[in-house]
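No value in this document is a laboratory result; all are computed from the given coordinates. All of these numbers come straight from a predicted model, not from anything done at the bench. No Cβ is skipped: glycine too gets one built from the backbone with ideal geometry, and neighbour counts run over all protein chains shown.
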Amino acid sequence: MKVVFYLKSCNTCTRIIKEIKLNSSFVFREIKSNPLTLKEIEMIHDLSKNYESIFNKRAKLFTEKKLKDVTLTELEYKNYILENYTFLKRPVIITDQKIFIGNSKKNILELKKHLGE
């Protein structure tokens, strides 16, 4: 399975997809117009090992809900991600049962290496 979970209006997601030249062998899942399903979030969790690692703490809602001041459980991270797409750290790229989460330079370099670029 090769899938990219991204936000169409996110310039960083768009830039990364173009930079890495992800081809048509990938399924592109735009998470705003087509929200994550419970099955998808659990698949991402199985590969990432925890919900906190896929949770976007830079989301505007994170600040608005004052979540910085709260210790969240794994279930709460999961429920927030299911509740609102902005809580998913993006992009999430899955290829060959390997997951790449977020837009850090290190992550993108690892993805490029994995894809043979």
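Picking from K32, K78, K57, which residue would you name as being among the basic types (K, R), under 14 Å from L7 (Cα atoms) and within 13 Å of the chain's Cα centre (by Cα)?
K32
Would you mind stating whether T63 is out of contact with any Pro (no Cβ under 8 Å at 6 or more places or on another chain) and over 26 Å from S25 (Cα atoms)?
When the stated conditions are applied, T63 passes them.
Could you please find all residues in segment 23-42 being without any contact (Cβ under 8 Å) to a residue 40 or more places away in the chain and either out of contact with any Lys or Arg (no Cβ under 8 Å at 6 or more places or on another chain) or among the aliphatic types (A, V, I, L, M) (or both)? Full working, then the answer.
Here is the first cut: in segment 23-42, the residues without any contact (Cβ under 8 Å) to a residue 40 or more places away in the chain are 23-25, 27-30, 33-34, 37, 39-40, 42.
Answer for segment 23-42, where residues must be without any contact (Cβ under 8 Å) to a residue 40 or more places away in the chain and either out of contact with any Lys or Arg (no Cβ under 8 Å at 6 or more places or on another chain) or among the aliphatic types (A, V, I, L, M) (or both): N23, S24, V27, F28, R29, N34, T37, K39, E42.
Return the total of residues in segment 74-90 being part of a helix (DSSP H, G or I) and in contact with a Leu (Cβ under 8 Å, 6 or more places away or on another chain).
6
Does T71 count as of a type in the set (V, I, T) and in a loop (DSSP other than H, G, I, E, B)?
Against the criterion (of a type in the set (V, I, T) and in a loop (DSSP other than H, G, I, E, B)), T71 qualifies.
Look at segment 92-111 and say how many of its residues are in contact (Cβ under 8 Å) with a residue 60 or more places away in the chain, outside any helix (DSSP H, G or I) and over 15 Å from M43 (Cα atoms).
The total comes to 1.
So S25 ticks every box in (1) under 27 Å from G116 (Cβ atoms); (2) within 14 Å of the chain's Cα centre (by Cα); (3) hydroxyl-bearing (S, T, Y) but one. Which box is left unticked?
(2)
Being touching a helix residue (DSSP H, G or I) at 6+ places or on another chain (Cβ under 7 Å) and closer than 23 Å to K106 by Cα narrows it down to one of N56, N84, N23, N11, so name that one.
That would be N56, the only listed residue that is touching a helix residue (DSSP H, G or I) at 6+ places or on another chain (Cβ under 7 Å) and closer than 23 Å to K106 by Cα.
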